[in-house]
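S.K.: Before I ask anything, let me first share the structure, which is written out below as structure tokens.
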Amino acid sequence: MHSKDQICHEDYQKTADWLLAHTQHRPKVAIICGSGLGMLAEALKSQNSFQYSDIPGFPQSTVQGHAGRLVFGELKGKICVCMQGRFHMYEGHSLCKVTFPVRVFKLLGVETLIVTNAAGSLADSFCNGDIMIIRDHINIPGLAGLNPLNGPNDDNFGPRFPPMSGVYDKDLRRLAKDIAKSLGYSQFVQEGVYCMVGGPNFETIAEARLLHKLGADAVGMSTAPEVLVASHCGMKVFGLSLITNKVVKAYEDTEQVNHEGVLGVSKMRSEYLQTLVTELVSQLDINNNTA
Ligand SMILES: O=P(O)(O)O[C@@H]1C[C@H](O)[C@@H](CO)O1
């Protein structure tokens, strides 16, 4: 390790080697579970799971609704690794730490990253419990210079100046929409733009109005850093937001959002998200490797 906040290739490799030595699974797909969405990992068959605290170099989860377990297993015949709990900038982690697992996954052989999150809706067309296929994102901390790709570029992972247009894979988005239709989910699955803010506070009314005007349909406190790092190292990316609350945009509105409410809605609707992800994974065009 270089300095407190800098992570070198060797650090990612050490963690990847430890995992490769402790599981026979060789995942091609990684899934990051958002707040209250960890149940997704329960669907994996032939599981090997590890507490984050037992994995050398891994950061620790501190947020309620993020169990802090890495689960390897088979989902509809596809070997996956699933993070039951992610890391957020507001927990005090550097963005290198927040995205550490993504580069480890790359070294394990992962080719596709599926990100999920809980988010508040800014667009009036969304209801609580809806699922948003992420078409694109606005990364507010990133625009302000807080980027996990800051610092010396590791050319082993990707280029200094990675493009980000089309970062959420078009074919996977189309496939997800087709699957949603065939599952009868079309009424509550829509595509939209996710906006990342730093948190941990929820938005003021003026901020919510601003983000909506900027073109964001939903807002949350994660996802963009992991997506940047995954795309930088050549992974395909697909993302889903579960809409857990309406973001207050009117001064007459007295409703207040809180994390317990977010967890309640995500728990209630996570089954739909799980089914959508499971079907998508089952239709991914990948062959499993063996150890
Ligand atoms: O990890 P995600 O983005 O799903 O978590 C959301 C954003 C905050 O961490 C928390 C707020 O309730 O849920």
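S.K.: Applying the selection to segment 104-135, what residues are away from the ligand (no atom under 16 Å from the Cβ) and crowded, with 19+ Cβ neighbours inside 10 Å?
M.R.: The initial filter retains those residues of segment 104-135 that are away from the ligand (no atom under 16 Å from the Cβ), namely 104-112, 123-125, 127, 135.
Those that are away from the ligand (no atom under 16 Å from the Cβ) and crowded, with 19+ Cβ neighbours inside 10 Å: Val104, Phe105, Lys106, Leu107, Leu108, Val110, Thr112.
S.K.: Assuming Gly120 fulfils every condition listed in (1) more than 21 Å from Leu211 (Cα to Cα); (2) over 14 Å from the mean Cα position of the chain (by Cα); (3) small (Gly, Ala, Ser) apart from one, which condition is it?
M.R.: (1)
S.K.: Those residues that are assigned to a helix (DSSP H, G or I) and either among the hydroxyl-bearing types (Ser, Thr, Tyr) or under 16 Å from Gly158 (Cβ atoms) (or both), I need them from segment 91-108; list them, please. Walk me through how you get there before you give the answer.
M.R.: So in segment 91-108, the residues assigned to a helix (DSSP H, G or I) come out as 91, 95-98, 100-108.
Of everything in segment 91-108, those that are assigned to a helix (DSSP H, G or I) and either among the hydroxyl-bearing types (Ser, Thr, Tyr) or under 16 Å from Gly158 (Cβ atoms) (or both) turn out to be Leu95, Cys96, Phe100, Val102, Arg103, Val104, Phe105, Lys106, Leu107.
S.K.: Within the bounds of segment 253-268, is there any residue that is more than 30 Å from Phe161 (Cβ to Cβ), free of Cβ contacts under 8 Å to residues at least 60 places away in the same chain, away from the ligand (no atom under 14 Å from the Cβ) and of a type outside the set (Asp, Glu)?
M.R.: Yes, segment 253-268 contains at least one residue that is more than 30 Å from Phe161 (Cβ to Cβ), free of Cβ contacts under 8 Å to residues at least 60 places away in the same chain, away from the ligand (no atom under 14 Å from the Cβ) and of a type outside the set (Asp, Glu).
S.K.: Can I ask one more? Could you count how many residues in segment 214-272 are under 21 Å from Gly38 (Cα atoms), within 19 Å of the chain's Cα centre (by Cα) and part of a loop (DSSP other than H, G, I, E, B)?
M.R.: Selection size over segment 214-272: 3.
S.K.: Here are some residues: Gly184, Gly220, Gly192, Gly158. Which one is modelled with pLDDT of 95 or more, closer than 21 Å to Gln256 by Cβ and not hydrophobic (A, V, I, L, M, F, W, C)?
M.R.: Working: Gly184 fails: closer than 21 Å to Gln256 by Cβ; Gly192 fails: closer than 21 Å to Gln256 by Cβ; Gly158 fails: closer than 21 Å to Gln256 by Cβ.
Going through Gly184, Gly220, Gly192, Gly158 in turn, the sole match is Gly220.
S.K.: Restricting attention to segment 169-215, which residues are within 16 Å of the ligand (Cβ to nearest atom) and buried (at least 16 other Cβ atoms within 10 Å of the Cβ)?
M.R.: Across segment 169-215, the qualifying residues are Gly192, Val193, Tyr194, Cys195, Met196, Val197, Gly199, Phe202, Glu203, Glu207, Ala208, Leu211.
S.K.: With the requirement that a residue be part of a loop (DSSP other than H, G, I, E, B), among the β-branched types (Val, Ile, Thr) and in contact with a Cys (Cβ under 6 Å, 6 or more places away or on another chain), what does segment 109-165 give you? If you could, list the steps in order and put the result at the bottom.
M.R.: Initial filter on segment 109-165 (part of a loop (DSSP other than H, G, I, E, B)): 109-111, 122-130, 144-165.
Among the residues that remain, those that are also among the β-branched types (Val, Ile, Thr) are: 110.
Across segment 109-165, there are no qualifying residues.
S.K.: Next up: When you check Gln51 against the structure, is it without any contact (Cβ under 8 Å) to a residue 60 or more places away in the chain, within 25 Å of Glu260 (Cβ to Cβ) and either more than 16 Å from the ligand (Cβ to nearest atom) or β-branched (Val, Ile, Thr) (or both), yes or no?
M.R.: Yes; evaluated as a whole, the condition is true for this residue.
The rows are residues; the columns are (1) of a type in the set (A, V, I, L, M); (2) in contact with a helix residue (DSSP H, G or I) (Cβ under 8 Å, 6 or more places away or on another chain); (3) outside any strand (DSSP E or B); (4) closer than 18 Å to Ser222 by Cβ.
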site: Gln6; (1), (2), (3), (4): no, yes, yes, no
site: Gln13; (1), (2), (3), (4): no, yes, yes, no
site: Arg26; (1), (2), (3), (4): no, yes, yes, no
site: Ala30; (1), (2), (3), (4): yes, yes, no, yes
site: Glu74; (1), (2), (3), (4): no, no, no, no
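S.K.: If I filter segment 226-238 down to residues being within 16 Å of the ligand (Cβ to nearest atom) and farther than 13 Å from Ile138 by Cβ, which single residue comes out as surrounded by the fewest Cβ atoms within 10 Å (Cβ to Cβ)?
M.R.: Here is the first cut: in segment 226-238, the ones within 16 Å of the ligand (Cβ to nearest atom) are 226-230, 237-238.
With the extra rule that they be farther than 13 Å from Ile138 by Cβ, the set shrinks to 226, 229-230, 237-238.
Working: Glu226: 28, Val229: 27, Ala230: 27, Val237: 21, Phe238: 26.
Going through the qualifying residues, I end up with Val237.
S.K.: Restrict the check to segment 80-88 and report whether at least one residue is away from the ligand (no atom under 16 Å from the Cβ), closer than 17 Å to Asn287 by Cα, at pLDDT 95 or above and within 18 Å of the chain's Cα centre (by Cα). First the steps, then the outcome.
M.R.: Start the filter on segment 80-88 by keeping residues that are away from the ligand (no atom under 16 Å from the Cβ), which leaves 80-81.
Subsequent filtering for residues that are closer than 17 Å to Asn287 by Cα retains 80-81.
Subset that is at pLDDT 95 or above: 80-81.
Within this subset, residues satisfying the condition of being within 18 Å of the chain's Cα centre (by Cα) are 80-81.
Scanning segment 80-88 turns up at least one residue that is away from the ligand (no atom under 16 Å from the Cβ), closer than 17 Å to Asn287 by Cα, at pLDDT 95 or above and within 18 Å of the chain's Cα centre (by Cα).
S.K.: Of Ile7, Ile55, Ile31, which residue is within 29 Å of Asn287 (Cα to Cα) and crowded, with 20+ Cβ neighbours inside 10 Å? Explain how you work it out, then say what you get.
M.R.: Numbers: Ile7 fails: within 29 Å of Asn287 (Cα to Cα); Ile55 fails: crowded, with 20+ Cβ neighbours inside 10 Å.
Unique residue meeting the criteria: Ile31.
The values are calculated or read from the model by the stated rules, or taken from the named source; none is laboratory data. Owing to the predicted nature of the structure, the values given are computational and were not obtained by experimental measurement. Every residue, glycine among them, receives a Cβ derived from its backbone with ideal geometry; neighbour counts consider all protein chains shown.
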